[in-house]
Amino acid sequence: MKAASHDDGLARIRTLVGERGWVDDVDEMQPHLVEWRNRWRGRARAVVRPGSTEEVAGVVAIASEVGLPIVPQAGNTSLCGGSIPDEDGRSIVLSVSRLSRIRDVDPLDYTMTVEAGCVLADVQRAAADADRLFPLSLAAEGTCEIGGNLSTNAGGVHVLRYGNARQLVLGLEVVLPDGRIWDGLRRLRKDNTGYALRELFLGAEGTLGILTAAVLKLFPRPRERWVALAAARDVPAALELLSRARAATGDAVSSFELIPRIALDYVVEHIPGTRDPLRDRYEHYVLVELDSTVEGDQGLCARGQALFEKAAADGLIVDAVVAESEGQIAALWKLRESISEAQKSEGASVKHDVAVPVRRVPDFLDEATKKVDAEWPGVRVVAFGHLGDGNIHFNLSVPKGGDDAAFLDHWSAFSRIVHDVVTSMDGSIAAEHGIGRLKRDELAHYKSATEMDLMRALKTTLDPRGIMNPGRVV
Ligand SMILES: Cc1cc2nc3c(=O)[nH]c(=O)nc-3n(C[C@H](O)[C@H](O)[C@H](O)COP(=O)(O)OP(=O)(O)OC[C@H]3O[C@@H](n4cnc5c(N)ncnc54)[C@H](O)[C@@H]3O)c2cc1C
């Protein structure tokens, strides 16, 4: 498409969204063009910030007409480069952040209807104000927005109990790549009227359309929490503890997070206000949270204590601390939530967000660790995360004093090693962060030709002009 028609399209888009919805000043655009770790930087013709679903539809219709590429963006916290435009500067960024209305909260229905630009923490708060829980929770929740969460099918720390973002949605409103609005904002728990269209857009990372609103599922709000950090004998013992915890507590386990010693060292060293929670040093820790929706449920605490006492007697855990106040709960969670931030201070890191069947986690950790160490002697493996979901953030820090640039140049080689191990265990190379541009080629390498064909067929059918987040995912 000729630049002239792009110019014409841009002028029409500018008129449509008005000055509030239009940013083309280079400095003002910057926050939208840089990934939070500074790994990717892009350029754009403009950042367009529509104020309503109809405006989004209008922008997309014009872009489709003139063949202008669109990079949808919400909170811009994703870790795979999907929300950052290419360096060629041909695209517009379409930010949904102005679509930030909570349209409805219905406690009786256990649903809420929110716009795509609502910050996740605001959604959680609005649910809590109605005495309900919206359980999606991740360290970026003060910045990421629901449109981005649903587009990446975000996971977080409560997947074990409540599922990932995909499982928390009943309905969607989507602007399709030709500018039509699909109003699928249904609140139904049962609806077998044909294909499950909403599933297509959840986790599509902006390649099939723009999510503008969603109906979310709510849950009873937990009244009691029991949070403890245990030093596990080893990772298999931690898994045995998880299995027992689910059965012994009426499946009240809402989080079960693995924290290795090295991660705790990073946090205690670099994050102000944190300290080692136990007197002695151990190799593996698990952070366990049990929730109960029953007011004053003393049984929750008793069940947690009994679980840990038996686990200690059986040698599964070697030490533990139980939080006795909200402050102590927050302090234990801070240790877990600060790992990514703390790792930044330890030099270059290569990240892998992978999943294997839960019982294979110990094998995966052993094999992948041996292989990356053989590849780069002295590499510091920081493998932490959602043990309860089999989702490990298998991050690699450059050896102390090592060459950051050379280490980062080796990213693809490390990934091939780790992803080969994951695939040999029927795992996933992208557990919760998505594909974006980071793993696009890896996806094509590991998915079967049939799966890739199906995905490409869907992309071509819905977006024949290829304007929606081109070059991402497929
Ligand atoms: C400290 C930290 C911790 C994190 N922890 C977790 C974690 O535990 N679990 C987890 O899953 N992720 C985690 N993440 C990654 C990130 O927060 C999630 O992927 C989040 O869901 C992205 O939301 P966002 O609003 O920032 O989306 P963005 O980064 O803006 O966009 C993400 C993708 O979705 C597309 N997109 C955005 N909005 C729309 C829309 N309205 N319609 C269509 N496509 C759209 C974009 O084009 C892009 O491809 C973490 C990130 C950080 C920085």
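Values computed for the structure shown
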| read-out | value |
| --- | --- |
| Search result, residues across segment 174-221 that are outside any loop (DSSP other than H, G, I, E, B), farther than 30 Å from VAL294 by Cα and in contact with a helix residue (DSSP H, G or I) (Cβ under 6 Å, 6 or more places away or on another chain) | VAL174, VAL175, ILE181, GLY184, ILE210, LEU211, THR212 |
| Verdict on GLY184 being under 18 Å from SER52 (Cβ atoms), more than 10 Å from the ligand (Cβ to nearest atom) and in contact (Cβ under 8 Å) with a residue 24 or more places away in the chain | no |
| When residues of segment 159-168 are limited to those that are buried (at least 21 other Cβ atoms within 10 Å of the Cβ) and more than 9 Å from the ligand (Cβ to nearest atom), the one modelled with the highest pLDDT | LEU168 |
| Complete set of residues in segment 430-449 that are away from the ligand (no atom under 14 Å from the Cβ) and either under 18 Å from ARG39 (Cβ atoms) or assigned by TED's automatic domain parsing to the domain that holds GLU35 (or both) | ASP441, GLU442 |
| Residue that is farthest from GLU289 (Cα to Cα) [pool: residues in segment 373-423 that are touching a residue at least 40 places away in the same chain (Cβ under 8 Å) and hydroxyl-bearing (Ser, Thr, Tyr)] | SER415 |
| From the options SER91, SER151, SER78, residue that is assigned by TED's automatic domain parsing to the domain that holds MET29, within 22 Å of the chain's Cα centre (by Cα) and buried (at least 21 other Cβ atoms within 10 Å of the Cβ) | SER78 |
| Residue identified as within 12 Å of the ligand (Cβ to nearest atom) and over 22 Å from ARG98 (Cα atoms) among GLY156, GLY148 | GLY156 |
| Of all residues in segment 341-371 being more than 22 Å from GLU432 (Cα to Cα) and touching a strand residue (DSSP E or B) at 6+ places or on another chain (Cβ under 7 Å), the one that is nearest to the ligand (Cβ to nearest atom) | GLU346 |
| Pair list, Cβ < 8 Å and 6+ apart or interchain, from segment 140-164 residues that are assigned to a loop (DSSP other than H, G, I, E, B) to residues that are of a type in the set (Lys, Arg) | ASN153/ARG166; VAL157/ARG336 |
| Of all residues in segment 262-282 being aliphatic (A, V, I, L, M) and part of a loop (DSSP other than H, G, I, E, B), the one that is farthest from GLY304 (Cα to Cα) | ILE271 |
| Residues satisfying the stated conditions in segment 283-336, i.e. small (Gly, Ala, Ser) and either crowded, with 22+ Cβ neighbours inside 10 Å or part of a strand (DSSP E or B) (or both) | SER292, GLY304, ALA311, ALA320 |
| Only one of ASP27, ASP7, ASP104 that is assigned to a strand (DSSP E or B) and without any contact (Cβ under 8 Å) to a residue 12 or more places away in the chain | ASP104 |
| Top-ranked residue in segment 127-139 [being part of a helix (DSSP H, G or I) and hydrophobic (A, V, I, L, M, F, W, C); ranked as surrounded by the most Cβ atoms within 10 Å (Cβ to Cβ)] | ALA127 |
| Candidate set: segment 119-136, residues that are over 23 Å from ALA252 (Cβ atoms) and in contact with a strand residue (DSSP E or B) (Cβ under 6 Å, 6 or more places away or on another chain); chosen: the one nearest to the ligand (Cβ to nearest atom) | VAL119 |
| Checking GLU324 against (1) over 19 Å from SER424 (Cα atoms); (2) acidic (Asp, Glu); (3) within 14 Å of the ligand (Cβ to nearest atom), the condition it does not meet | (3) |
| Residue satisfying condition, being in contact (Cβ under 8 Å) with a residue 40 or more places away in the chain and of a type in the set (A, V, I, L, M), within set ALA121, ALA116 | ALA116 |
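Per-residue answers, yes or no, for (1) in contact with a helix residue (DSSP H, G or I) (Cβ under 7 Å, 6 or more places away or on another chain); (2) within 22 Å of LEU396 (Cα to Cα):
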position	(1), (2)
ALA248	yes, no
ALA252	yes, no
LEU258	yes, yes
ARG261	no, yes
VAL268	no, yes
TYR282	yes, yes
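The values are calculated or read from the model by the stated rules, or taken from the named source; none is laboratory data. Quick caveat: nothing in here was measured; it's all calculated off a predicted structure. Cβ: placed from backbone, ideal geometry, glycine included. Neighbour counts: every protein chain shown.
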